[in-house]
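Notes for the one structure printed next.
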Amino acid sequence: MNDIFKDRKTPGSQDCKTKYVRNSKTISGRLHDEMVMMDIEQGKYFSLNPVATRIWDLLESPLALDELYLALMEEYEVDTYQCRSDVEEHLEQMISLGLIIRQS
């Protein structure tokens with residue numbers, strides 16, 4: 001099982017018109033406060049930390065980066081820059097693993 005959010009990378013810039021949505025081919029289920037997922041095509045399991053799980057929950061419908069980080073700022077005590085940076089990192093990692101899709 002992969003815990004996809006232990007290693008941090010430099011966040012990329014995001015277009016404000018770009019939306020993100022779950023990859024419908026990924027199967028997911030909750031285990032306590034984390035999300036456990038399987039990508040059938042890749043044959044891989046993933047475990048999301050609580051913040052990544054919340055991002056996954058919010059991406060039930062397509063959302064832009066700004067919509068995501070503003071929603072998370074209402075739920076967590078974090079400054080704007082840090083929240084946006086963390087959300088960008090999570091999104092890029094989730095995209096690279098095929099868990100979500102970027103829609104332009």
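Some values worked out for this structure:
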quantity	calculated
Per-residue ³J(HN,Hα) for the range 27-32, Karplus 6.51 cos²θ - 1.76 cosθ + 1.60, θ = phi - 60°, Hz, x for Gly and Pro	9, 9, x, 8, 9, 6
Mean Cβ neighbour count within 10 Å, used as a protection proxy, ranking 90-100, 54-64, 39-49 highest first	90-100, 54-64, 39-49
Long-range HN-HN contacts of THR26 with modeled amide H, under 5 Å	none
In Hz, Karplus ³J(HN,Hα) per residue of the range 34-39 (6.51, -1.76, 1.60; θ = phi - 60°; x = Gly, Pro)	10, 9, 10, 9, 9, 9
Length gained when the stretch SER61-SER47 is fully extended (0.36 nm per residue, less Cα-Cα span)	3.0 nm
Cut-off under 5 Å, modelled amide H: who pairs with ALA64 long-range	TYR20
Residues whose placed amide H lies under 5 Å from that of ILE100, excluding near-sequence neighbours	ASN23, ILE95
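No lab work stands behind these numbers, since they all come straight from the coordinates. What you see is a predicted model; the values in this text were computed from it and never measured. No Cβ is skipped: glycine too gets one built from the backbone with ideal geometry, and neighbour counts run over all protein chains shown.
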